[in-house]
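Only one structure is covered here, and it is reproduced in the block below.
The values are calculated or read from the model by the stated rules, or taken from the named source; none is laboratory data. No experiment lies behind these values; they were computed from the predicted model shown. As a convention, Cβ positions derive from the backbone with ideal geometry for all residues, glycine included, and neighbour counts pool all protein chains shown. For the accessible areas, the whole protein counts, side chains as well, though only heavy atoms, and no ligand, DNA or RNA atoms are used. Shrake-Rupley method; radii C 1.70, N 1.55, O 1.52, S 1.80 Å.
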Amino acid sequence: MQQLDGVLFNVKYLLILRNTTDTALSALRRNFFKEVDPELRTVEHTLTYVEAALRGIPCRNTFIAHYEQALADPQAFLEPLSAFLELSPASKLALKGRLSKKGRMPSRKAHKLTQYKECKAAGLDEEACYRKISTLMDEFFGLRSFMW
């Protein structure tokens, strides 16, 4: 397969990374999971899979952007992304139009997480619960040493 890369196909991978704890908190706030631990395990398995997949991809075929930076200044990505994707002048112009709209930066407010047993059992209010869950996640992800 690696010998065919660039000959029969030219696959490019664009990864947009967001702080893992912020992403997991966002999923919990939206009730994607009923418990915190399965959420953490799902993120762990996903990151493990992505890391393993990236090891088999040539670096020249991978572009990594950070979510917060992309939202704060999308125009900063025009030149490097256009070069990476080898865009024609017309496609580059279309990308420029799409990048002209600034996104909203995510807020780091105390999400409503009090429905989870880690908070219910301790009778924590929203702010204390947010701190507890954030700390739990930071410790969990810190121990796993993902490349992110």
(Q) If the requirement is being modelled with pLDDT of 90 or more, open to solvent by 30 Å² or more (accessible area, probe 1.4 Å), part of a helix (DSSP H, G or I) and out of contact with any Lys or Arg (no Cβ under 7 Å at 6 or more places or on another chain), which of these qualifies: ALA76, ALA53? (A) ALA76
**Q.** Complete set of residues in segment 11-33 that are part of a helix (DSSP H, G or I) and touching a Leu at 6+ places or on another chain (Cβ under 8 Å)
**A.** THR20, ALA24, LEU25, LEU28, ARG29
**Q.** Some residue of segment 22-35 being in contact with a helix residue (DSSP H, G or I) (Cβ under 7 Å, 6 or more places away or on another chain), within 19 Å of SER100 (Cα to Cα) and in contact (Cβ under 8 Å) with a residue 24 or more places away in the chain
**A.** no
(Q) Scan segment 82-89 and tell me whether some residue there is open to solvent by less than 70 Å² (accessible area, probe 1.4 Å) and either of a type in the set (Lys, Arg) or assigned to a loop (DSSP other than H, G, I, E, B) (or both). (A) yes
Q. Would you say ILE64 is closer than 27 Å to SER145 by Cβ and surrounded by fewer than 13 Cβ atoms within 10 Å (Cβ to Cβ)?
A. yes
Q.
Quick check on this structure: which one of GLU127, GLU118, GLU86 is of a type outside the set (Ser, Thr, Tyr) and at positive phi?
A. GLU86
